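Participant: The following block contains the structure, expressed as structure tokens.
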Amino acid sequence: MGEAETPSFEMTWSSTTSSGYCSQEDSDSELEQYFTARTSLVRRPRRDQDDPVEWKIPNLSQAEIEQKIKEYNGQINSNLFMSLNKDGSYTGFIKVQLKLVRPVSVPSNKKPTSLQDARKGPGRGTAVRRRTSFYLPKDAVKHLHVLSRTRAHEVIEALLRKFLVVDDPRKFALFERAERHGQVYLRKLSDDEQPLRLRLLAGPSEKTLSFILKENDSGEVNWDAFSMPELHNFLRILQREEEEHLRQILQKYSHCRQKIQEALHACPLG
């Protein structure tokens with residue numbers, strides 16, 4: 001880990017699902033297929049029944065942190081230990097489960113042959129002209145080696161960079177999930193929250209706390225996060241939907257008018 005505190009990675013996959021590349025590059029028809037197949041501009045009711053909850057995060061002294069780390073390491077059955085550093089920070093592992101509904105975008109000329117190959121590729125810094133949409137396996141799991149100072153937005157950016165994903169990081173969000181008394185609670189982490197600190201406070205139990213990467217669906221569309229081709233495509237979709245709605249309305253009133261006229265003709269004169 002350097003000065004920028006970029007998380008290092010040790011990956012494990014709990015899913016054997018194929019990577020599921022679909023050949024869609026930035027032509028008009030393919031972009032339309034991409035967005036109409038997996039996204040909608042109409043806000044729909046959430047199907048996720050998890051309830052939001054706010055956590056109270058205590059400030060621990062250095063002695064309390066040391067004690068917490070000892071207790072944490074004594075409870076795990078693997079070698080994913082936490083380690084205290086001389087500067088008072090600590091390192092450890094967090095597990096992130098991916099629950100992405102939509103495909104992600106990768107450079108079409110950089111498409112890895114498998115998810116494992118993605119780890120060998122370059123970062124996200126190169127300019128991208130053509131894209132290929134790529135479905136990550138459902139419920140894929142990754143263990144990330146991070147610092148206690150590593151922020152949630154850094155975790156998201158590192159995950160995207162690792163798999164050559166060129167989508168804007170603001171399209172994604174890191175959530176924490178907990179089970180309490182038979183109820184499931186879900187909370188979206190702010191950009192500056194520190195996942196490893198939350199992991200230490202909660203202990204190693206995945207029922208007590210787990211991390212999930214999901215689309216950042218807040219109900220408000222962040223248009224600045226989309227590229228120019230994507231925005232133009234949304235305009236085309238809106239125009240097509242508007243035309244379809246107008247056609248249905250005209251057809252409805254035309255049908256109603258026809259029925260009224262038929263009833264008038266059927267009525268006897270006088």
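The values are calculated or read from the model by the stated rules, or taken from the named source; none is laboratory data. Just so you know, these numbers come straight off a predicted model, no measurement behind them. We place every Cβ from the backbone using ideal geometry, glycine too, and count neighbours over all the protein chains shown. These accessible areas exclude ligands, DNA and RNA; they are computed on the full protein's heavy atoms, side chains included. Shrake-Rupley method; radii C 1.70, N 1.55, O 1.52, S 1.80 Å.
Participant: Report the gain in length on full extension from E179 to E242: 0.36 nm times residue separation, minus Cα-Cα distance, nm rounded to one decimal. Walk me through the numbers on the way to the answer.
Facilitator: Working: separation 63, 0.36 × 63 = 22.68 nm, distance 4.32 nm.
Length gained, E179 through E242: 18.4 nm.
Participant: Using a/c under 1.5 as the rounded threshold, could you call segment 162-270 rounded, prolate or oblate? The axes a ≥ b ≥ c are square roots of the C-alpha gyration tensor eigenvalues, and prolate needs a/b larger than b/c, oblate otherwise.
Facilitator: Values: a/c = 6.29, a/b = 2.34, b/c = 2.69.
Oblate is the answer for segment 162-270, as a/c is 1.5 or above yet b/c matches or exceeds a/b.
Participant: OK, next. Quickly work out the D168-to-Y253 label distance, labels modelled 7 Å from Cα along the C-beta direction, and quote it in nm with one decimal.
Facilitator: The two pseudo-label positions are separated by 3.8 nm.
Participant: Let me see the P(r) profile for segment 122-212: every Cα-Cα distance counted, bins of 5 Å, each bin given as a percent of all pairs.
Facilitator: Distribution as computed: 2, 11, 20, 24, 18, 12, 7, 3, 2, 0 percent.
Participant: Also, I was wondering about something else. Please turn the phi angles of segment 251-267 into ³J(HN,Hα) values with the Karplus equation 6.51 cos²θ - 1.76 cosθ + 1.60 (θ = phi - 60°), one per residue in order, whole Hz, x for glycine and proline.
Facilitator: My calculation for segment 251-267 gives 5, 4, 6, 5, 5, 5, 4, 4, 5, 5, 5, 5, 5, 5, 5, 7, 6 Hz in order.
Participant: Please tell me the relative contact order of segment 129-269 in percent, rounded to the nearest whole number, where contacts are Cα pairs under 8 Å and at least six residues apart.
Facilitator: Values: 105 pairs, mean separation 30.4, N = 141.
Relative contact order for segment 129-269 comes out at 22 percent.
Participant: Then there is this: Report, by chain and number, residues whose modeled amide H sits under 5 Å from the one on F172, excluding near sequence neighbours (fewer than 5 apart, same chain).
Facilitator: N216
Participant: Using the heavy atoms of the protein chains and a 1.4 angstrom probe, tell me the accessible area per residue for segment 129-234 in square angstrom.
Facilitator: Values: 4720 Å² over 106 residues.
Roughly 45 Å² per residue, with all protein chains present.
Participant: Could you run the Karplus curve 6.51 cos²θ - 1.76 cosθ + 1.60 with θ = phi - 60° over segment 62-74 and give me ³J(HN,Hα) per residue in whole Hz, x for Gly and Pro?
Facilitator: Calculated HN-Hα couplings, in order: 4, 5, 5, 5, 4, 5, 4, 5, 4, 5, 4, 5, x Hz.
Participant: Now, a different point. So if I place +1 on the C-beta of Lys and Arg and -1 on the C-beta of Asp and Glu, and nothing else carries charge, what would the dipole magnitude of segment 136-270 be about its Cα centre? I want it in debye, nearest 20. Spell out each step's value before the answer.
Facilitator: Details: 22 positive and 21 negative charges, 85 e Å.
Here the size comes out at about 400 debye.
Participant: How high is the FRET efficiency between S78 and D139 when r is their beta carbon distance and R₀ equals 25 Å, given to the nearest 0.05? Before the final figure, lay out each step's value.
Facilitator: On the way: r = 19 Å, r/R0 = 0.78.
Here the calculated transfer efficiency is 0.80.
Participant: Summarise the accessible area of segment 177-234 (1.4 Å probe, protein heavy atoms) by the percent that is carbon and sulfur.
Facilitator: Numbers: 1440 of 2990 Å².
Result for segment 177-234: 48 percent of the exposed heavy-atom area is carbon or sulfur.
Participant: Ok, one more. Quote the charge dipole size of segment 196-270 about the Cα centre in Debye, to the nearest 20; the model charges only the Cβ of Lys and Arg (+1) and of Asp and Glu (-1). If you can, show how the numbers build up before the last one.
Facilitator: Values: 10 positive and 11 negative charges, 53 e Å.
Computed about the Cα centre, the dipole is about 260 debye.
Participant: Going 7 Å from the Cα of R149 toward and past its Cβ, which residues in segment 69-89 have a backbone nitrogen under 18 Å from where you end up?
Facilitator: Inside the label zone: 83-89.
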